[in-house]
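Working notes, beginning with the structure itself.
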Amino acid sequence: NEDRIQEYVNDKNLTFPVLLDQDQKIRKQYHVMGLPTSYLIDGEGKIRGYASGARTWDSADSHSLLLSLKRNGSNDDLQVDRISMQDN
């Protein structure tokens, strides 16, 4: 529920937007098939990559991926699912 999610966001000091899609409008619009689904969005609001399923976003691979997105700013889509970021 919304209270538990807000508590988690506060406890983890998250500084990015977290979407609660209770009516599933966004899920349908973006054709989300699994949870969780993470999107990498650049500074211009363009979706650069996405990953379905759990990921270890604080891993070295994830850190490198995010730094490369920030550094090169290319127009190429990111192949997030090709990088090993799944929890074992």
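Taking residues in region 31-43 that are touching a residue at least 40 places away in the same chain (Cβ under 8 Å) and among the hydrophobic types (A, V, I, L, M, F, W, C), and partners anywhere that are surrounded by 15 or more Cβ atoms within 10 Å (Cβ to Cβ) and part of a loop (DSSP other than H, G, I, E, B), the pairs with Cβ atoms closer than 8 Å and at least 6 places apart or on different chains are Leu40/Leu78. Looking at Thr56, is it closer than 20 Å to Asn1 by Cβ and in contact (Cβ under 8 Å) with a residue 12 or more places away in the chain? Considered against the rule, which asks whether it is closer than 20 Å to Asn1 by Cβ and in contact (Cβ under 8 Å) with a residue 12 or more places away in the chain, Thr56 comes out as no.
No value in this document is a laboratory result; all are computed from the given coordinates. All values derive from a computational prediction rather than experimental measurement. All Cβ positions, glycine included, derive from the backbone under ideal geometry; neighbour counts span all protein chains shown.
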